[in-house]
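Comments concern the structure below.
What follows is calculated from the coordinates using simple rules that are stated; it is not laboratory data. This is a predicted model, so every value here is computed, not measured. FYI the Cβ positions are ideal-geometry reconstructions off the backbone, even for glycines, and counts take in every protein chain you see.
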Amino acid sequence: MSASSNAIPYFSLPSPVRIGWIGTGVMGAPMCEHLLLAGYALTVFTRTRSKAQPLLEQGARWADSPAALASETDVICTMVGFPQDVRAIYLQPDGVVAQARAGQVFVDFTTSEPTLARELSSVAFGNGAFVLDAPVSGGDVGARNGTLSIMVGGESTVFEAVRPILSVFGKTLVYQGPAGCGQHAKLCNQITIAGTMIGVCEALLYARQAGLDGETMLQSIRSGAAGCWTLEHLAPRMLKRDFKPGFFVEHFIKDMGVALEEANRMGLLLPGLTLVRTLYLAVQSHGHGRSGTHALLLALEELSPTFMTTDSNPPLL
């Protein structure tokens with residue numbers, strides 16, 4: 001039996017279940033708040049304790065390290081930035097999976113590498129524990145509203161056992177297959193977002209140059225065939241020149257890079273994704289790596305030398 005066989009006939013969690021959480025950033029913090037509101041016992045760790053202070057004030061407990069957190073919890077959730085962060089938290093000698101105990105469940109919400117997800121699952125399985133790769137989509141809005149879409153890879157019976165936990169902050173919970181499949185599904189999501197993002201940004205630039213009012217134009221197209229999450233939630237922010245992050249540019253660049261690596265491994269060419277990633281690298285090089293992904297608009301403005309600028313629509317690159 002392997003960690004990706006989906007052959008575990010039955011699995012259950014202890015009651016009450018103790019949850020540990022590592023990473024309380026833009027996405028992680030509101031997800032934790034939903035768990036606390038639902039009455040779960042929650043222990044948290046993050047590299048900067050002050051970021052977790054609001055959660056501690058709401059009843060969460062603090063752990064001094066990932067290992068300490070794992071030692072006193074049954075389900076350990078992680079939401080960090082990059083695959084190297086996941087690898088460090090899970091696989092270092094004092095990492096949470098390296099010393100996992102039988103029956104523990106680890107749920108990684110980070111958008112990471114399918115190959116790493118399979119590695120984590122294999123190591124954990126050797127200790128009688130289980131890892132689910134469960135990247136999410138829906139951005140900061142979905143995290144705050146508890147409406148995230150969660151794509152899950154790993155043992156199906158383990159997924160069913162943690163489903164009540166995931167449903168606290170997720171509206172769409174879909175089991176994708178063995179370990180790594182959740183990450184593959186999320187990469188499909190990111191490829192789609194890359195295409196819609198450049199379309200929305202170019203539409204707004206075109207509308208501006210054609211003399212249209214942006215909000216009025218959106219009233220027409222958001223309810224038609226062009227309707228999408230990016231158009232609904234991020235286009236209004238672009239019109240207001242509000243580039244605060246719901247999801248960081250630097251993290252999206254990472255995701256697109258992983259997708260291109262996986263595509264290359266499978267013998268696929270993705271020219272559209274390659275183009276969008278190049279534009280995002282330009283956004284990052286001009287100091288906007290920690291801006292929201294809709295800051296792609298800035299790179300496209302820079303490529304249009306005749307783009308009309310005003311006091312309310314200044315060039316930012």
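Straight-line cross-link reach from LYS171 at under 17 Å between alpha-carbon atoms covers these lysines, not counting any fewer than eight positions away in the same chain: LYS186. Dividing the summed -39500 (n - 2.57) terms of all DSSP H runs of n ≥ 4 by the residue count of the chain sets its mean residue ellipticity at 222 nm at -14000 deg cm²/dmol. Per-residue Karplus couplings for the range 257-266, computed as 6.51 cos²θ - 1.76 cosθ + 1.60 with θ equal to phi - 60°, are listed in order as x, 4, 4, 5, 5, 5, 4, 4, 4, 8 Hz, Gly and Pro entered as x.
With kT/(6 pi eta Rh) evaluated at 10 °C and eta = 1.306 mPa s, and Rh the Kirkwood radius from Cα pairs, the range 33-84 diffuses with a coefficient of 136 µm²/s according to Stokes-Einstein. Each listed q (0.12, 0.14, 0.16 Å⁻¹) maps to a log10 I(q)/I(0) for the chain, found by the Debye formula over equal Cα scatterers with no solvent: -0.82, -1.06, -1.29.
Placing +1 on the Cβ of every Lys and Arg and -1 on the Cβ of every Asp and Glu, with no other charges, gives the chain a dipole of roughly 200 debye about its Cα centre. Stokes-Einstein, applied to the Kirkwood radius of the range 185-302 over Cα pairs at a viscosity of 1.306 mPa s and 10 °C, places its translational diffusion at 108 µm² s⁻¹. Please compute the contact order of the range 171-317 in relative form: average sequence separation of alpha-carbon pairs under 8 Å and at least six residues apart, divided by the residue count, as a percent. RCO, the range 171-317: 29 percent. Projecting the Cα atoms of ALA207, LEU281, PRO245 onto the charge dipole of the chain (Cβ charges, centred on the Cα centre) puts PRO245 farthest toward the positive pole.
Going from the residue with the fewest nearby Cβ atoms within 10 Å to the one with the most, LEU91, LEU116 rank LEU91, LEU116. Mean sequence separation of contacting Cα pairs (under 8 Å, at least six apart), scaled by the length of the chain, corresponds to a relative contact order of 14 percent. Taking N as the residue count of the range 56-161, its C-alpha radius of gyration divided by 2.2 N^0.38 Å amounts to 1.06. Taking amide H as placed 1.01 Å from N in the peptide plane, VAL44 has its amide H under 5 Å from the amide H of TRP21, ARG61, TRP62, ALA63, each at least 5 places away in sequence or on another chain.
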